[in-house]
Amino acid sequence: MLSGADERMRMKEEKVLVLCLAGGVLILFLVVTVMLFLKQTWYYPYRARTILTKREYQFYLLLQREAARRGLLICPKVGLKDLMEVTSRRNYMKYFHKIAQKHVDFVVCDRELRVLFAVELDDGSHDNGSARKRDQFKNRAFKAAKISLKRIRNYDEASVRELFRGL
């Protein structure tokens with residue numbers, strides 16, 4: 001059996017131990033909270049990727065070769081918002097949002113970067129209903145902006161050369 005003094009000493013030690021454990025849990029909680037905050041502040045879940053798919057790159061090489069013969073430039077993956085502007089002041093945002101997240105595969109420009117025409121490299125993914133609807137929107141938007149939009153699915157040197165006919 002413990003004496004009264006020993007009992008009080010044991011109880012003090014238990015209190016100190018409980019306070020140390022509580023302090024440790026609090027410190028751990030604060031460290032985790034700060035780390036989560038910093039992760040949200042400094043963490044960016046991105047990594048680099050290639051601009052073009054393999055198929056797009058193969059087409060680009062043919063397109064680039066033909067453009068170079070004519071002293072023209074090729075710009076890949078250009079946003080529609082960079083090619084055309086909304087003319088309606090009243091419904092500006094409505095129409096801007098329709099083009100803001102869309103791009104065209106390639107734009108052929110002269111040396112002063114004036115757009116001569118745009119090219120969409122179509123494949124099987126353009127055969128479903130929603131893709132056809134997006135394609136139809138692009139066709140109409142380019143027509144309204146008076147920019148020639150040329151579509152090509154299967155390509156070779158001759159078909160790429162044909163894109164430049166009339167320039």
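The table below lists the values:
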| quantity | calculated |
| --- | --- |
| Where Ala144 falls short, out of the listed (1) part of a helix (DSSP H, G or I); (2) in contact with a helix residue (DSSP H, G or I) (Cβ under 9 Å, 6 or more places away or on another chain); (3) of a type in the set (A, V, I, L, M); (4) within 25 Å of Gly166 (Cβ to Cβ) | (2) |
| Subset of the range 124-163 [modelled with pLDDT of 95 or more, of a type in the set (Phe, Trp, Tyr) and open to solvent by 30 Å² or more (accessible area, probe 1.4 Å)] | Phe137 |
| The range 51-78 residues that are at positive phi and among the basic types (Lys, Arg), paired with ones that are loosely packed, with under 12 Cβ neighbours inside 10 Å and part of a loop (DSSP other than H, G, I, E, B) (beta carbon under 9 Å, 6 or more apart) | Lys77/Ile51 |
| Residue within the range 91-107 that is of a type in the set (Ser, Thr, Tyr) and either in a strand (DSSP E or B) or surrounded by 13 or more Cβ atoms within 10 Å (Cβ to Cβ) (or both) present | yes |
| Filter result for the condition that a residue is of a type in the set (A, V, I, L, M), at pLDDT below 95 and not in a helix (DSSP H, G or I), over Leu2, Leu26, Leu17 | Leu2 |
| Unique residue being in contact with a helix residue (DSSP H, G or I) (Cβ under 6 Å, 6 or more places away or on another chain) and either surrounded by 10 or more Cβ atoms within 10 Å (Cβ to Cβ) or in a loop (DSSP other than H, G, I, E, B) (or both) when the list is Lys77, Lys81 | Lys81 |
| The range 87-118, residues that are small (Gly, Ala, Ser) and modelled with pLDDT under 95 | Ser88 |
| Close pairs from the range 127-153: first touching a residue at least 60 places away in the same chain (Cβ under 8 Å), partner in a strand (DSSP E or B) and open to solvent by 40 Å² or more (accessible area, probe 1.4 Å), Cβ under 6 Å, at least 6 apart | Ile147/Val115 |
| One residue from Arg70, Arg55 being more than 21 Å from Ile147 (Cα to Cα) and either basic (Lys, Arg) or open to solvent by 70 Å² or more (accessible area, probe 1.4 Å) (or both) | Arg55 |
| Only listed residue being of a type in the set (Val, Ile, Thr) and within 21 Å of Phe142 (Cα to Cα), chosen from Val25, Val108, Val31 | Val108 |
| Pick from the range 27-82, criterion of a type in the set (S, T, N, Q) and more than 18 Å from the chain's Cα centre (by Cα), ranking: nearest to Val119 (Cα to Cα) | Gln64 |
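The values are calculated or read from the model by the stated rules, or taken from the named source; none is laboratory data. Small disclaimer: the values here were computed from a predicted structure and weren't measured. Methodologically, a virtual Cβ is constructed for each residue, glycine included, from the backbone with ideal geometry; neighbour enumeration extends over all protein chains shown. In case anyone asks, the SASA skips ligands and DNA or RNA and just uses the protein heavy atoms, side chains included. Shrake-Rupley method; radii C 1.70, N 1.55, O 1.52, S 1.80 Å.
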